[in-house]
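Contents: one structure, followed by commentary.
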Amino acid sequence: MDSRLIKHSLRPAVMQPLNAYKGLRLDSASTFGGCRSFRMDGGCWKLAVALMLLLLGAAHAEGQLSWRMEDFIRAVQQVEDAGGASQPGAVLRTLRRAAGLGDAVVQHFLGNAESRAPGLTSDLSDYVRTAVHHRVTEAAREEGVVLTPDGSTVALAPLLLGLEAGFRARTPGRTRGLLQLTLAKDLGVALSAASSASTPLASDGCWDNRTAPRVFTLSHPGAPLTAAQVNGAMDGVVLGTRVSGGSAGSARLSSLLTEYYCHRLDGTGMDGAPRFISRRRRENFKALAPPPVLTRLAVKAEELRRRLGGRSAMEAAEKRRLAAAVKEGMKEFVHVFMNCPPIVSRCSWGAAPYRGTPTQLSLPLSYLFIHHTASPSQPCLSFEQCAANMRSMQRFHQEDNGWDDIGYSFVAGSDGNIYEGRGWNWQGAHTSGYNSVGYGVSFIGDYTSRLPTQSAMALVRDQLAACAVAAGRLKSSYMLRGHRQMGSTTCPGDAFYQEIRRWDHFGVNGYG
């Protein structure tokens with residue numbers, strides 16, 4: 001990569017979730033600082049203008065409400081500070097009551113949400129209801145979701161239900177209804193419903209703005225689940241298990257959420273990261289919910305939902321059909337959310353449109369080519385930084401190189417994510433002469449004299465490649481090669497090239 005690459009940074013949105021001036025009114029008869037009316041002279045005129053600007057700014061801030069996890073955590077802090085109701089269990093019941101989370105399954109496992117905590121202000125109650133109540137509109141907008149610092153979008157309802165179930169548990173690791181409340185119920189409904197083979201099990205989507213997200217639109221609105229639901233459910237299971245049996249001590253809910261979602265990686269990247277952070281949700285969830293257990297509980301959750309809804313018990317034949325449908329559908333769930341790495345979509349990192357007409361690949365491919373970016377020369381350790389690097393590389397490839405798009409198929413960050421470049425289906429511009437026969441995967445950083453983090457290498461070597469093979473995109477007999485083997489270049493750096501020579505599927509000779 002060229003040294004002219006410009007790094008960008010996304011300034012975190014610092015927005016209060018509530019408008020402190022919502023109830024303030026301004027009319028011409030009001031008295032400001034001893035002045036009874038607007039006059040075009042002296043201090044009254046200046047004060048009136050200042051107040052008008054303040055009110056307009058407050059109204060604008062309310063209209064520009066940002067759905068970020070940081071905003072929601074600030075709202076949780078306000079709930080905790082409202083009359084001293086700071087115990088996590090009481091706070092979670094208050095949030096559940098304000099959000100209206102009280103269907104039959106929730107009532108069955110958690111009871112009613114009455115709390116001794118004082119009522120919330122109308123502003124705070126409205127915010128919680130809007131933030132937590134999950135639904136998909138006819139316009140394919142998903143509500144009740146927030147953007148987290150790791151770049152993922154999370155539905156808040158299953159997260160909070162999982163946490164409440166965990167805090168109610170008396171024995172560590174044994175939480176009644178945890179999987180049913182967070183994921184199994186929705187998964188049972190989704191997998192039991194017939195769907196087109198072209199429709200994914202769960203749809204991801206795009207925010208209208210990465211720094212001040214307000215509207216999240218689904219990419220496949222017909223899908224029975226959303227990725228945000230799954231992310232929130234996984235986090236609910238992980239955190240619910242984490243706090244069960246009083247293992248969280250006296251920590252406030254806002255502190256737990258901050259610790260989980262807002263952890264900043266140091267120079268070791270994910271190699272030195274704590275176990276319980278959102279970037280590790282998939283590996284933690286996989287350890288807590290083996291597929292056979294999840295399949296069994298999804299069937300049971302669907303049976304419970306029907307029974308609580310007043311429907312008659314399932315006949316044996318119907319139960320067998322349900323179990324078979326769930327078992328078959330679970331294969332896609334396990335592949336996408338448990339075996340494949342988290343892949344940040346193009347819209348999530350802010351990709352510019354493709355220029356021209358892309359060339360479709362003929363799958364499965366035979367090769368996996370490994371690159372390093374060289375510039376940016378430093379590993380990226382946050383979603384914000386990695387996304388900025390992706391935009392910089394795309395701009396350089398399009399504007400300086402004259403290419404249609406960023407050249408790589410995928411890019412590995414040191415933040416725990418894989419970033420989508422041209423993706424699975426479109427031919428890249430990464431390995432001259434061989435773009436049609438292999439995927440090009442690059443690691444952000446210069447690896448001439450050092451290696452990427454172990455976790456970043458594992459994402460590609462152990463997960464991305466296996467994910468491609470399982471989906472029929474890469475042949476099981478694929479060959480892995482460094483960029484330098486296919487042309488005149490030092491890529492992927494001397495140190496890294498010596499490392500990949502020890503990887504499975506590495507091929508010594510050039511193409512052919």
*asked:* Looking at region 242-258 only, could you name the residues that are buried (at least 18 other Cβ atoms within 10 Å of the Cβ) and not in a helix (DSSP H, G or I)?
replied: ALA248
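Filter region 366-389 for residues that are touching a strand residue (DSSP E or B) at 6+ places or on another chain (Cβ under 9 Å) and either surrounded by fewer than 20 Cβ atoms within 10 Å (Cβ to Cβ) or among the aromatic types (Phe, Trp, Tyr) (or both) and give the result. Break it down into steps so the answer makes sense when it comes.
Of region 366-389, the ones touching a strand residue (DSSP E or B) at 6+ places or on another chain (Cβ under 9 Å) are 366-373, 379, 383, 386-387, 389.
Listed by number, the residues that qualify are SER366, TYR367, PHE369, PHE383.
Quick one: in region 103-154, of everything that is part of a helix (DSSP H, G or I) and among the small types (Gly, Ala, Ser), which residue is surrounded by the fewest Cβ atoms within 10 Å (Cβ to Cβ)?
So the first thing to find is which residues in region 103-154 are part of a helix (DSSP H, G or I), and the list is 104-110, 122-132.
From the residues that got through so far, the ones that are among the small types (Gly, Ala, Ser) too are 104, 122, 125, 131.
Numbers: ALA104: 12, SER122: 10, SER125: 17, ALA131: 24.
Taking the candidates together, the pick is SER122.
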*Would you pick out the residues in region 259-314 that are touching a residue at least 12 places away in the same chain (Cβ under 8 Å), among the hydroxyl-bearing types (Ser, Thr, Tyr) and surrounded by fewer than 20 Cβ atoms within 10 Å (Cβ to Cβ)?*
THR268
*Any hit, region 345-357, residues being assigned by TED's automatic domain parsing to the domain that holds ASP204, more than 30 Å from ARG214 (Cβ to Cβ) and either among the polar types (S, T, N, Q) or crowded, with 16+ Cβ neighbours inside 10 Å (or both)*: no
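Name the one entry in ARG281, ARG252 that is under 14 Å from ALA155 (Cβ atoms) and out of contact with any strand residue (DSSP E or B) (no Cβ under 6 Å at 6 or more places or on another chain).
Values: ARG252 fails: under 14 Å from ALA155 (Cβ atoms).
None of the other options fit; the residue is ARG281.
Table: residues versus (1) more than 22 Å from GLY173 (Cβ to Cβ); (2) of a type outside the set (Lys, Arg); (3) in contact with a Gly (Cβ under 8 Å, 6 or more places away or on another chain); (4) not assigned by TED's automatic domain parsing to the domain that holds LEU181.
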{"residue": "ARG281", "(1), (2), (3), (4)": "no, no, no, no"}
{"residue": "ALA287", "(1), (2), (3), (4)": "no, yes, no, no"}
{"residue": "ARG296", "(1), (2), (3), (4)": "no, no, no, no"}
{"residue": "ARG305", "(1), (2), (3), (4)": "yes, no, yes, no"}
{"residue": "ALA313", "(1), (2), (3), (4)": "yes, yes, no, no"}
{"residue": "ALA323", "(1), (2), (3), (4)": "yes, yes, no, no"}
{"residue": "GLU328", "(1), (2), (3), (4)": "yes, yes, no, no"}
{"residue": "PHE333", "(1), (2), (3), (4)": "yes, yes, no, no"}
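Restricting the search to region 155-193, which residues are in contact (Cβ under 8 Å) with a residue 60 or more places away in the chain and assigned to a loop (DSSP other than H, G, I, E, B)?
Within region 155-193, the first condition is being in contact (Cβ under 8 Å) with a residue 60 or more places away in the chain, and the residues that meet it are 155-181, 183-185, 187-192.
Result: ALA169, ARG170, PRO172, GLY173, THR175, ARG176, GLY177.
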*Please state which of the following conditions ARG275 fails to meet, knowing it meets all the rest: (1) outside any loop (DSSP other than H, G, I, E, B); (2) farther than 30 Å from LYS327 by Cβ; (3) of a type in the set (D, E, K, R).*
(1)
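Condition test on THR490, is it assigned by TED's automatic domain parsing to the domain that holds ILE370, within 22 Å of the chain's Cα centre (by Cα) and either of a type in the set (A, V, I, L, M) or within 20 Å of PRO376 (Cβ to Cβ) (or both)?
Details: assigned by TED's automatic domain parsing to the domain that holds ILE370: yes; within 22 Å of the chain's Cα centre (by Cα): no; either of a type in the set (A, V, I, L, M) or within 20 Å of PRO376 (Cβ to Cβ) (or both): yes.
When the stated conditions are applied, THR490 does not pass them.
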*LEU265 versus (1) assigned to a loop (DSSP other than H, G, I, E, B); (2) over 19 Å from the mean Cα position of the chain (by Cα); (3) more than 25 Å from HIS133 (Cα to Cα): which is the lone unmet condition?*
(2)
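The values are calculated or read from the model by the stated rules, or taken from the named source; none is laboratory data. Keep in mind that what you see is a predicted model, and the values were worked out from it rather than measured. Using ideal geometry, Cβ is built from the backbone for each residue, glycine included, and neighbour counts are taken over all protein chains shown.
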